[in-house]
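Engineer: One structure is given below, represented as structure tokens, and several questions about it will come after.
The values are calculated or read from the model by the stated rules, or taken from the named source; none is laboratory data. From a predicted model like this one, the values you see are computed outputs, not experimental measurements. Methodologically, a virtual Cβ is constructed for each residue, glycine included, from the backbone with ideal geometry; neighbour enumeration extends over all protein chains shown. Just so you know, the surface numbers come from the protein's heavy atoms only, side chains and all, with ligands and any DNA or RNA stripped out. Shrake-Rupley method; radii C 1.70, N 1.55, O 1.52, S 1.80 Å.
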Amino acid sequence: MAIQLSAAVRQNLTALQGTADLLSKTQNRLSTGLKVNSALDNPGSFFTAQSLNSRASDLSSLLDDQGQAVQTLKAADEGIQSITKLAEAAKAKANQALQSSSTADRRKFAGEYNELLNQIETLAKDSGYSGKNLLAGTGNDLSVVFNEDGTSKLDISAVDYTDTSGALGLSDLTVGTSGTLTIAESALEAGDEDGDTLTVTVGGSSVGSIAYDSGTTAEDVVTALNAIDGVTASTDGTDITVTSENGNIVIDDSDTTADLATQTGTGYVAGSFDSDATINATLDSLTSALGSLRSQASTFGTNLTVVENRQDFTKSMINTLQEGSGKLTLADTNEEGANLLALQTRQTLASTSLSFASQADQNVLRLL
């Protein structure tokens, strides 16, 4: 059996139900902060905001990659700056060698030069960041993506400084070694005779002769050898040891009556810094290498500027997208608060009106 309500009661009940529904929506907006919570609220705004938020999320993922690319470029730039300092130190060593007339010093500088090149290679190997090293060549190229579909990106080519003879054109030097010769004092003294001489050649060039009379002693020969530039001799009382910086030494007896067999030194290796010409060639290579390093540093610097600017742009774009989404879905809390107060007042009035309508029906009942 259906319940029949009077027109006044039904109208007030309908108004009260409508107010309750509006109250529920307003309270939901205040609790979530959104005026559009689902497609039922506003399909156009909901799906547009969802698209904006999805793009913002995609860009946020790219932003992380861009940040890592910035750090990779910074690591490479720091590596190049340090390598440049080492190359400048190597150039200073070459200049020191050029200013020195001592072959021994030049060979010492050549050894130090080689150590600097080794440090350049080691430093280049240590300039990676998170598995990517822009100074280690093949397999280390970097691609930085700037938009969600990958159509906007920056490709950064790696260089290989882990072998200085490659991109930098700096090869290790030959340090050089002196020739050595050992002569038995007994053989030396057995070959001397009046009017005899010892001819001395170094590297195929004559560097002098030594009087080799019957009274010549081993000490006399040692003294004469030490007077020759680049030749050093000493004796231990049994053997004479001779070293020559500029080539293998050859000592020959000019008289064959009481002949001293030709004495030939061994072990000489010419050093890269032994001559001014090779030092100047090395300086030219260093100048070219420093130019390449500075050019590459400039290239990485430009790449870093591009990535940092795109990183800032991406941050701004994410904010713009999120702000646009908010304009479509976010509730105005001040407005919703005022609506809640008005609806609560309306609900109170509707309840009172419903009570009055019900009392009117009760008055009819009393008459009966």
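Engineer: Can we say residue 314 is under 20 Å from residue 58 (Cβ atoms), at pLDDT below 95 and part of a helix (DSSP H, G or I)? So that I can check it myself, show each step before the final result.
Structural biologist: Values: under 20 Å from residue 58 (Cβ atoms): yes; at pLDDT below 95: yes; part of a helix (DSSP H, G or I): yes.
Yes; evaluated as a whole, the condition is true for this residue.
Residues checked against (1) modelled with pLDDT of 95 or more; (2) open to solvent by less than 50 Å² (accessible area, probe 1.4 Å):
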| site | (1), (2) |
| --- | --- |
| 254 | no, no |
| 260 | no, yes |
| 279 | yes, yes |
| 284 | yes, no |
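Engineer: Taking segment 124-164, which residues are among the acidic types (Asp, Glu) and assigned to a strand (DSSP E or B)? Spell out how you get there, then give the answer.
Structural biologist: First, the residues of segment 124-164 that are among the acidic types (Asp, Glu): 126, 141, 148-149, 155, 160, 163.
Answer for segment 124-164, where residues must be among the acidic types (Asp, Glu) and assigned to a strand (DSSP E or B): 155, 160.
Engineer: Would you say residue 282 is of a type in the set (Ser, Thr, Tyr), in contact (Cβ under 8 Å) with a residue 60 or more places away in the chain and part of a strand (DSSP E or B)? Can you show your working first?
Structural biologist: Working: of a type in the set (Ser, Thr, Tyr): yes; in contact (Cβ under 8 Å) with a residue 60 or more places away in the chain: yes; part of a strand (DSSP E or B): no.
Judged against the criteria, residue 282 is not a match.
Conditions tested, residue by residue: (1) in contact with a Ser or Thr (Cβ under 7 Å, 6 or more places away or on another chain); (2) free of Cβ contacts under 8 Å to residues at least 60 places away in the same chain; (3) open to solvent by less than 30 Å² (accessible area, probe 1.4 Å); (4) in a strand (DSSP E or B).
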residue: 190; (1), (2), (3), (4): no, no, no, no
residue: 195; (1), (2), (3), (4): no, no, no, no
residue: 198; (1), (2), (3), (4): yes, no, yes, yes
residue: 201; (1), (2), (3), (4): no, yes, no, yes
residue: 220; (1), (2), (3), (4): no, yes, no, no
residue: 225; (1), (2), (3), (4): no, yes, yes, no
residue: 228; (1), (2), (3), (4): no, yes, yes, no
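Engineer: Which members of segment 93-140 meet the condition of being over 19 Å from residue 83 (Cβ atoms) and under 18 Å from the mean Cα position of the chain (by Cα)?
Structural biologist: 130, 131, 139
Engineer: Out of all the residues in segment 177-186, is one or more surrounded by fewer than 15 Cβ atoms within 10 Å (Cβ to Cβ), out of contact with any Phe, Trp or Tyr (no Cβ under 6 Å at 6 or more places or on another chain) and part of a loop (DSSP other than H, G, I, E, B)?
Structural biologist: Of all residues in segment 177-186, those surrounded by fewer than 15 Cβ atoms within 10 Å (Cβ to Cβ) come to 177, 182, 184, 186.
Okay, now just the ones that are also out of contact with any Phe, Trp or Tyr (no Cβ under 6 Å at 6 or more places or on another chain), so 177, 182, 184, 186.
Checking the rest, the ones that are also part of a loop (DSSP other than H, G, I, E, B) come to none.
Within segment 177-186, not a single residue is surrounded by fewer than 15 Cβ atoms within 10 Å (Cβ to Cβ), out of contact with any Phe, Trp or Tyr (no Cβ under 6 Å at 6 or more places or on another chain) and part of a loop (DSSP other than H, G, I, E, B).
Engineer: Could you check residue 133 against (1) under 20 Å from residue 292 (Cα atoms); (2) exposed (fewer than 15 other Cβ atoms within 10 Å of the Cβ); (3) out of contact with any strand residue (DSSP E or B) (no Cβ under 9 Å at 6 or more places or on another chain) and say which number it fails?
Structural biologist: Of the numbered conditions (1) under 20 Å from residue 292 (Cα atoms); (2) exposed (fewer than 15 other Cβ atoms within 10 Å of the Cβ); (3) out of contact with any strand residue (DSSP E or B) (no Cβ under 9 Å at 6 or more places or on another chain), the odd one out for residue 133 is (2).
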